[in-house]
Amino acid sequence: MGPSRIFPSWRIFLALRCIFTLLVFTAVSTPPEDPVKCASGNTDCTVTNSVGIFADRSTCLAANVAYPTTEAELVSIVAAATKAGRKMRVTTRYSHSVPKLVCTDGTDGLLISTNFLNHTVRPDAKAMTLTVESGVTLRQLIAEATKVGLALPYAPYWWGLTVGGLLGTGAHGSSLWGKGSAVHDYVTEIRMVSPGSVNDGFAKIRVLSETTTPSEFNAAKVSLGVLGVISQVTFKLQPMFKRSITYVMENDSDFGDQAVTFGKKHEFADFVWLPSQGKVVYRKDDRVPVNTSGNGLYDYLPFRSQLSAISAIRRTSEETQEKFEDVNGKCVSAKLTSSTLFATSYGLTNNGILFTGYPVIGYQNRMMSSGSCLDSLEDGLVTACGMDSRIKGEFFHESCVSVPLTHIKSFIDDVKALVKIESKALCGLDLYNGFLMRYVTYSSAYLGRDTEALSFDMTYYRSKDVTPDSLTETAKRNVNSSPDLDRTGKPKLDLKSL
Ligand SMILES: Cc1cc2nc3c(=O)[nH]c(=O)nc-3n(C[C@H](O)[C@H](O)[C@H](O)COP(=O)(O)OP(=O)(O)OC[C@H]3O[C@@H](n4cnc5c(N)ncnc54)[C@H](O)[C@@H]3O)c2cc1C
Ligand SMILES: *[C@@H]1O[C@H](CO)[C@@H](O)[C@H](O)[C@H]1NC(C)=O
Ligand SMILES: *[C@@H]1O[C@H](CO)[C@@H](O)[C@H](O)[C@H]1NC(C)=O
Ligand SMILES: *[C@@H]1O[C@H](CO)[C@@H](O)[C@H](O)[C@H]1NC(C)=O
């Protein structure tokens, strides 16, 4: 859109809103609140997730919450609850899973929070391993590895996940290289505290590894939190390296073919596909030697802290579009959002401050994940993470399916065919930056993947009102999100979106 074009005033409003959302941020931010809240002390509690509402909008109750600070305390908590025949679930600092994996049934369950199990246990630079407690966040894990000159090769893009949660749901970044992009495939040992018999004193510590207990280890690598409380995890890391990132936007005419081969050419490749615009953003992202010059930083714009007032304007405009079924408005907003993100290189800078051009080269620990809105300086919610449930901000539903590479071209062709029939129908996805498509591959974990695939993240508007209409809408979307073209023909959902 050229500057000479005359915009109706609402378009100018939208443009300003979009630019403000992306560019107005500060170094401080009110940190997200604890997902567990109790009526008195640590008893009579409710638990929710980081967006404040589970997929079915129900509230989960528990009789009490325990905050172990050491493995020994964890053992005695599990033992006492086992002896009393109580149900237990593990909760984490931010609780990012959208589905209610953290809920026990009934009201007399026990929540065990890993908030204070956030210590580094043992870095070993020589063996290139790092052992941490399970409540350590991805952000901490990356920082601790960096201190001893090591790097975790692949991880989710958002800092706020904990080691226990990453393993719980099989979280991943994007790669077909090495052992692939799933964090659990870089784990060498898991210490897990599980209920035990009277003879065990009602709890036991299992030390699981590939060499000593292969089948238990493969079960525990992705456990949905049901096998016991993960206490400590040992990662096998790599010497620090640098990455070189270039984003290129192209039309999607040959995307079906590109999707099959691009991940073999670039180690950290991913795609942002904007189907209603017929565009794909290719992430050309490669490992380069550590002595290559460059000190780039990837501080992803949507994960920076936002002024709450701006988040509210954004949300109001979206609600208005929904109310009036303003498809054209959504498409205009979508285009602005995606082009602004692309034009601002998604938050990539060559030196931590300025973007001067591609490629952006920087250390792995500064390029792989971000989430600066988690920085914990209280400012009374003047600023916050965009998805903080205490402000009027982003509220969305997220669905995820993975499609084997053998089927990817026909899947992409099917989506393109849908766009041809109703070109504006997918603007709602583009508004949340389209399909984020990331490579995943085989894993020895029993709940891991069995083939090379592309995992599609789809984020879209969700109503905040609990009306019968919005419930049906959510239910419909949940149903629609399930089929996966598994090579066995069995439908299979992506675990992290379960
Ligand atoms: C903004 C955002 C970005 C995301 N980005 C990505 C991404 O890039 N890639 C990706 O794959 N996923 C991504 N996710 C999904 C995320 O990886 C999963 O939701 C993950 O499980 C969240 O981890 P958590 O620490 O918040 O765990 P929770 O949501 O609190 O817990 C998840 C499950 O793990 C269990 N659990 C947690 N800790 C332990 C423990 N110590 N012992 C036993 N069980 C435990 C819980 O009981 C629960 O069943 C993202 C989610 C959000 C909200
Ligand atoms: C662990 O978490 C607690 C509570 O959030 C925090 O006060 C403490 O500083 C954290 N410790 C480390 C080592 O990060
Ligand atoms: C898409 O881009 C390619 C070059 O990258 C070009 O050859 C082709 O004509 C373009 N297709 C459309 C529909 O614009
Ligand atoms: C990086 O180091 C390698 C070997 O250590 C050397 O051959 C190469 O010239 C160096 N490159 C730069 C850009 O310094």
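The values are calculated or read from the model by the stated rules, or taken from the named source; none is laboratory data. Worth saying up front: this structure is predicted, and the values here are computed from it rather than measured. Using ideal geometry, Cβ is built from the backbone for each residue, glycine included, and neighbour counts are taken over all protein chains shown.
Looking only at region 124-135, decide whether some residue is basic (Lys, Arg) and either touching a Gly at 6+ places or on another chain (Cβ under 7 Å) or within 16 Å of ligand 2 (Cβ to nearest atom) (or both).
No, because not a single residue in region 124-135 is basic (Lys, Arg) and either touching a Gly at 6+ places or on another chain (Cβ under 7 Å) or within 16 Å of ligand 2 (Cβ to nearest atom) (or both).
How many residues does region 68-93 contain that are touching a helix residue (DSSP H, G or I) at 6+ places or on another chain (Cβ under 8 Å), touching a residue at least 60 places away in the same chain (Cβ under 8 Å) and within 16 Å of ligand 2 (Cβ to nearest atom)?
Total satisfying the criteria: 2.
Can you confirm whether Tyr432 is in a helix (DSSP H, G or I), under 18 Å from the mean Cα position of the chain (by Cα) and among the aromatic types (Phe, Trp, Tyr)?
Taking the combined requirement at face value, the residue does not satisfy it.
Going by the conditions given, is Glu394 closer than 27 Å to Pro31 by Cβ and either of a type in the set (Val, Ile, Thr) or assigned to a strand (DSSP E or B) (or both)?
Judged against the criteria, Glu394 is not a match.
Every residue in region 331-362 that is part of a loop (DSSP other than H, G, I, E, B) and not hydrophobic (A, V, I, L, M, F, W, C), please.
Answer for region 331-362, where residues must be part of a loop (DSSP other than H, G, I, E, B) and not hydrophobic (A, V, I, L, M, F, W, C): Thr344, Asn350, Asn351, Gly352, Thr356, Gly357, Tyr358, Pro359.
May I ask you to say which residue of Asp44, Asp56, Asp34 is over 18 Å from Leu111 (Cβ atoms) and modelled with pLDDT of 55 or more?
When all the criteria are applied, what remains is Asp56.
Suppose we keep only residues that are outside any strand (DSSP E or B) and in contact (Cβ under 8 Å) with a residue 60 or more places away in the chain within region 266-282. Which one would you say is farthest from ligand 1 (Cβ to nearest atom)?
Gly278
Within the set of pairs 6 or more residues apart or between chains, which connect a residue that is closer than 14 Å to Val360 by Cβ and more than 16 Å from ligand 1 (Cβ to nearest atom) inside region 283-311 to a residue that is part of a helix (DSSP H, G or I) and of a type in the set (Gly, Ala, Ser) with Cβ atoms less than 9 Å apart?
Leu297/Gly347
Between a residue in region 350-365 that is in contact (Cβ under 8 Å) with a residue 60 or more places away in the chain and any residue that is among the hydrophobic types (A, V, I, L, M, F, W, C) and not in a loop (DSSP other than H, G, I, E, B), which pairs come within a Cβ distance under 7 Å, given they are 6 or more apart or on different chains?
Close Cβ pairs satisfying both conditions: Pro359/Ile245; Val360/Ile245; Val360/Leu348; Ile361/Val288; Gly362/Leu297; Gln364/Ala151; Asn365/Ile142; Asn365/Ala151.
Just checking, does region 247-261 include any residue being more than 16 Å from ligand 1 (Cβ to nearest atom) and aromatic (Phe, Trp, Tyr)?
yes
Considering every residue within region 106-118, establish whether at least one is surrounded by fewer than 19 Cβ atoms within 10 Å (Cβ to Cβ), outside the structural domain of Leu150 (by TED's automatic domain parsing) and at positive phi.
So far as region 106-118 goes, yes, one or more of its residues are surrounded by fewer than 19 Cβ atoms within 10 Å (Cβ to Cβ), outside the structural domain of Leu150 (by TED's automatic domain parsing) and at positive phi.
Restricting the search to region 428-445, which residues are in contact with a helix residue (DSSP H, G or I) (Cβ under 6 Å, 6 or more places away or on another chain) and surrounded by 23 or more Cβ atoms within 10 Å (Cβ to Cβ)?
Correct list: Asp430, Leu431, Tyr439.
Scan Asn350, Asn295 and give me the residue that is more than 16 Å from ligand 3 (Cβ to nearest atom), surrounded by fewer than 18 Cβ atoms within 10 Å (Cβ to Cβ), polar (S, T, N, Q) and in the same structural domain as Phe268 (by TED's automatic domain parsing).
Of Asn350, Asn295, the one residue that is more than 16 Å from ligand 3 (Cβ to nearest atom), surrounded by fewer than 18 Cβ atoms within 10 Å (Cβ to Cβ), polar (S, T, N, Q) and in the same structural domain as Phe268 (by TED's automatic domain parsing) is Asn295.
Yes/no matrix, rows are residues, columns are (1) crowded, with 22+ Cβ neighbours inside 10 Å; (2) away from ligand 2 (no atom under 16 Å from the Cβ); (3) of a type in the set (S, T, N, Q):
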{"residue": "Leu161", "(1), (2), (3)": "yes, no, no"}
{"residue": "Gly165", "(1), (2), (3)": "yes, no, no"}
{"residue": "Lys179", "(1), (2), (3)": "no, yes, no"}
{"residue": "Asp200", "(1), (2), (3)": "no, yes, no"}
{"residue": "Glu210", "(1), (2), (3)": "no, yes, no"}
{"residue": "Thr213", "(1), (2), (3)": "no, yes, yes"}
{"residue": "Val229", "(1), (2), (3)": "yes, yes, no"}
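Within the bounds of region 50-72, is there any residue that is crowded, with 20+ Cβ neighbours inside 10 Å, near ligand 1 (Cβ under 9 Å from one of its atoms), under 30 Å from Arg438 (Cβ atoms) and within 21 Å of the chain's Cα centre (by Cα)?
There is at least one residue in region 50-72 that is crowded, with 20+ Cβ neighbours inside 10 Å, near ligand 1 (Cβ under 9 Å from one of its atoms), under 30 Å from Arg438 (Cβ atoms) and within 21 Å of the chain's Cα centre (by Cα).
Considering only region 174-195, I want to know if a residue exists there that is closer than 23 Å to Leu297 by Cα, β-branched (Val, Ile, Thr) and under 22 Å from the mean Cα position of the chain (by Cα).
The answer is yes, given that some residue of region 174-195 is closer than 23 Å to Leu297 by Cα, β-branched (Val, Ile, Thr) and under 22 Å from the mean Cα position of the chain (by Cα).
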